[in-house]
Amino acid sequence: MEPPLRRSLPRDGGATYREVMTSLGGVEMVDWNLAVTTATRLVRPGPEVTREDARAVVSELRRHAKASEEHVRGFTRMQPEGAGESDTPVLVVDRPGWVRANVAGFRELLSPLLAKMQERRSSGPGGAVLGAVGGKVTGVEVGMLLSFLASRVLGQYETFAPVTRDLPGGPDGGGRLLLVAPNIVHVERELEVDPHDFRLWVCLHEETHRTQFAAVPWLRDHIQGEIQAFLGEADMDLPALLERVREAVQSLAGGRTPETDEENGSGTDRGSIVELVQTPAQREILGRLTAVMSLLEGHADYVMDGVGPEVVPSVAEIREKFQKRRASGAGRLDQALRKLLGLDAKLRQYREGERFVRAVVEDLGMDGFNRVWTSPNTLPTKAEIGRPADWIARMRS
């Protein structure tokens, strides 16, 4: 019998986790251990459930994740070659578990950029001292941001997931599916929808991402290459980056928001953290990344709606209520943080990507749409996401 809201990862940052994180590198620009500790201490525990109910939630999410695999692969006609049940694991986690999994992924993905920044800073006067102090400060700030996000994510397919004993992943270090049980319970209660239908609905969306990467072997390496190229082009102004992070943290603490800055005439609303670091080369790469992420998110939404009516009786009610929640956020604070973190752009990706997928499937059918997965050259451009007819014409030429 599984424990309630199965904690696949240690809650207290125990010896195993510390050893794993230490083995990934020494003193760094970000004190990742401190980021984990800060986030897990600050994150709210989630809705109250009995031990029996918690076990039932975990068990049901696992069943739905398994059932979603068949539903999604049948609807999309995407079948991983030679992939079995263990191609990528499904982990049902609590909020601290989500934090620990994401810190491990962030640390691996960002290591080339942070190493570059570390070298630049170490060569300056007092670099070693600044590094020790700055790493602690940044670790706390990153932890505060993660504590905010950890209470909002329902599920996540981790594409870049370093594998350890406590953090299993797919073959060759690729992929794991996280379902954040307390957040799913919180939202289903907030929306007052059927909990069993809602849990399956969430699993359909996340399983679509799992299927995308399992069925398209080159996709993970392609995205990783684009991200590393983006980071490699970074000519980062560290003080400016840290100031942007602090703005987000101050918003989180209720200090100020882009709107209040504007009202006070300070004019500090300068867009998201991502926008701060763009060089011309990065903007080009970011355009390609935005297109592929729009495709992946839109495809997941399209599949969720396509499968939903057959297996989720109350899907129409869930979709309507969830869309309103997604669009409105949770007030001024949430809207400010979404802008600072670039999450408002993610919302646009859902909408634009879903419109692209729907238009292509209506014109070419599902098999015609699936040509998009042939190679990086058949992925839509950012412009084609907004004009599906252009991609269709390119495929027909």
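By how many nm would the segment from Arg326 to Thr381 lengthen if fully extended, with 0.36 nm per residue of separation less the alpha-carbon distance?
Working: separation 55, 0.36 × 55 = 19.80 nm, distance 2.56 nm.
Stretched out fully, the Arg326 to Thr381 stretch lengthens by 17.2 nm.
Per residue of the range 65-80, in order, report the coupling 6.51 cos²θ - 1.76 cosθ + 1.60 (Karplus, θ = phi - 60°) as ³J(HN,Hα) in whole Hz, putting x for Gly and Pro.
So the Karplus estimates, Gly and Pro as x, are 4, 5, 5, 5, 4, 5, 4, 5, 5, x, 5, 7, 6, 10, 10, x Hz.
Which order do Arg220, Arg325 fall in if you start with the one that has the fewest other Cβ atoms within 10 Å? If you can, show how the numbers build up before the last one.
Details: Arg220 19, Arg325 13.
Ascending Cβ contact count within 10 Å gives the list Arg325, Arg220.
Determine, for Thr37, Thr378, Thr88, Thr290, the number of other Cβ atoms within 10 Å of each Cβ, and report the residues in order from fewest to most. Before the final figure, lay out each step's value.
Numbers: Thr37 17, Thr378 13, Thr88 24, Thr290 20.
Arranged by neighbour count, lowest to highest, Thr37, Thr378, Thr88, Thr290 become Thr378, Thr37, Thr290, Thr88.
Summing Lys, Arg as +1 and Asp, Glu as -1, what charge do residues with Cβ under 12 Å from the Cβ of Arg288 carry, Arg288 excluded? Could you put the intermediate results ahead of the total?
On the way: positive: Arg283, Lys382; negative: Glu226, Glu284, Glu384.
Net local charge, Arg288 excluded: -1.
May I ask you to order 221-227, 192-198, 46-52, 175-181 by the average number of other C-beta atoms within 10 Å around their residues, highest value first? Spell out each step's value before the answer.
Numbers: 221-227: 15.4, 192-198: 17.3, 46-52: 12.3, 175-181: 24.4.
Going by the mean number of other Cβ atoms within 10 Å, highest first, we get 175-181, 192-198, 221-227, 46-52.
Since every read-out is calculated from the coordinates, none of them should be taken as a lab result. No experiment lies behind these values; they were computed from the predicted model shown. Cβ: placed from backbone, ideal geometry, glycine included. Neighbour counts: every protein chain shown.
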